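Have a look at the structure below, then the notes.
Rule-based calculations on the coordinates, nothing more; no lab input. Just so it is clear, the structure is predicted and the values come from calculations on it, not from any experiment. Cβ atoms come from the backbone with ideal geometry, glycine included; neighbour counts cover every protein chain shown.
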Amino acid sequence: MNDAAIHTEKITKRYGRVTAVDGVDITVEKKELFGLLGPNGAGKSTLIGLLSTMLRPTSGNAQVWGHDIRTDSTKVRKSIGVVFQDTTLDQKLTGRENLDLHGRLYGLPKKLRHRRIDEVLELVELSGRADEIVQKYSGGMMRRLEIARGLMHYPNVLFMDEPTLGLDPQTRNHIWDYIKELNREKNITIILTTHYMEEADRLCNRLAIVDHGKIITTGTPSELKSSLGGDILTLELATGKDATKLMEHYTAKSSTDRISASENTVQITTADGERAIPDVLKATSRLGLEIRSVSLHKPTLDDVFLHYTGKGIRDSDADTGKLKTLRWRIRAGK
Ligand SMILES: Nc1ncnc2c1ncn2[C@@H]1O[C@H](COP(=O)(O)OP(=O)(O)OP(=O)(O)O)[C@@H](O)[C@H]1O
Ligand SMILES: [Mg+2]
């Protein structure tokens with residue numbers, strides 16, 4: 001039996017020609033707050049589906065809290081709570097009724113169920129609104145109720161699929177506080193998926209970057225950022241031609257710095273950004289290139305993502321699509 005909270009062995013899920021999860025090997029230790037960071041379609045929800053036994057793997061396997069997802073799914077389910085990406089609350093029931101229904105499904109006896117409902121409602125600060133129907137809740141309140149529901153049966157591991165998708169910054173901060181509290185004070189192991197860099201950075205003690213069903217890299221946020229090897233100097237030039245010229249000049253000159261160009265922007269990753277600026281400016285002036293702007297920043301998870309996958313995560317696009325679906329579902333009472 002594996003002592004980790006989660007251990008996967010080449011877990012794979014195929015849908016016809018699409019490999020949604022592709023030979024993933026991850027280990028999450030007990031009490032970790034572990035993030036799966038990746039763009040739309042990366043396979044994050046599918047991986048959560050496999051680990052929570054909602055989906056069966058095509059090949060490979062996993063243990064959750066020491067239980068085999070293929071042969072011990074009941075034990076796995078008893079050990080976990082899940083907060084799904086799309087709301088699965090019953091809009092016509094009150095908050096309390098939704099929790100009660102969940103407690104019944106898990107076979108919690110009446111007295112314990114009622115006590116637990118009060119506890120989890122208090123934890124997410126919904127005690128005062130518990131007897132209103134969910135349809136009247138704001139997006140943030142629904143999310144909090146879903147978290148409360150995931151906690152009803154005292155899970156050891158809580159899976160949260162995009163816990164703050166589409167919420168305003170204030171509500172998002174609030175939910176981050178709950179997540180941290182659950183992890184630190186209640187000792188719940190948390191696996192969350194997100195495509196928000198800030199969420200991954202602020203919350204997770206370790207994370208895996210996922211793209212096309214594969215784990216690209218794993219580490220703490222600061223390990224991942226420092227793996228890029230320095231500061232990032234971004235120069236916007238007047239034309240794409242100028243950018244190419246600067247890139248050629250710099251590639252020939254420097255063997256240690258990393259340089260990349262896209263359209264009229266050049267990015268140089270260098271150990272000491274402040275010192276590199278004068279040199280680069282001299283070079284552009286010598287080459288007769290026109291600079292529009294210069295900026296210097298410490299690497300962010302965005303840069304890490306760009307470095308490992310060759311593309312950025314476009315938060316706004318992802319949100320608009322998701323929100324539309326969510327709103328539609330809420331309106332349709334689904
Ligand atoms: N039931 C299904 N049938 C066919 N293809 C599926 C199914 N579920 C997921 N996929 C495909 O598997 C891939 C991974 O999807 P998944 O929902 O796991 O991604 P995700 O990382 O959660 O994305 P998002 O950020 O949009 O939630 C996508 O290409 C998706 O179209
Ligand atoms: Mg998803």
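Here are a few things to note about the model shown:
- For the chain, built as a Gaussian network whose Cα springs stay under 10 Å, the top-fluctuating residue of ALA208, ALA261, ALA62: ALA261
- Here's the picture: charge each Lys and Arg Cβ at +1 and each Asp and Glu Cβ at -1 in the range 229-298, and of ALA252, ALA276, ILE291 the one pushed furthest to the positive end of that dipole is ALA252.
- Peptide packing: for 278-287, 36-45, 6-15, the average count of neighbouring Cβ atoms within 10 Å per residue gives the ranking 36-45, 6-15, 278-287, highest mean first.
- For the range 6-221, lysine pairs with C-alpha atoms less than 18 angstrom apart, excluding pairs fewer than eight positions apart on the same chain, total 15.
- Evaluated with a Cβ-only charge set (Lys, Arg +1; Asp, Glu -1), the range 16-119 carries a dipole of roughly 480 debye about its Cα centre, given to the nearest 20.
- Distances between placed amide hydrogens fall under 5 Å for MET160 paired with VAL83, ILE191, LEU192, THR193, all partners being 5 or more residues away or on another chain.
- Within the range 6-221: Cβ-based charge dipole about Cα centre, in debye rounded to nearest 20 (Lys, Arg +1; Asp, Glu -1): 720
- Paramagnetic reach from SER138 (point 7 Å along Cα→Cβ, amide N under 20 Å) across the range 100-126: 121-126
- Just checking the listed ones, HIS212, HIS102, HIS297: in the Gaussian network model of the chain with Cα springs under 10 Å, the one fluctuating most is HIS297.
- Short-range pairs are left out: with C-alpha atoms under 8 Å and at least six residues apart, the relative contact order of the chain is 19 percent.
- Each 20 Å bin from 0 upward holds the following percent of the Cα-Cα pairs of the chain: 28, 49, 20, 3.
- Residue by residue, the range 147-158 carries 3J(HN,Hα) couplings of 5, 4, 5, x, 9, 3, 9, 6, x, 7, 10, 10 Hz when phi is fed to the Karplus relation 6.51 cos²θ - 1.76 cosθ + 1.60 (θ = phi - 60°); x denotes Gly or Pro.
- Since only LEU306, GLY166, THR218 are under comparison, the one whose Cα sits farthest along the positive direction of the charge dipole of the chain, derived from C-beta charges on Lys, Arg, Asp and Glu, is GLY166.
- Compared with the direct C-alpha span, the chain from LYS10 to ASN40 gains 8.6 nm at full extension, assuming 0.36 nm per residue.
- Förster radius 41 Å - calculated FRET efficiency between GLU236 and ASP86 (Cβ-Cβ, nearest 0.05): 0.55
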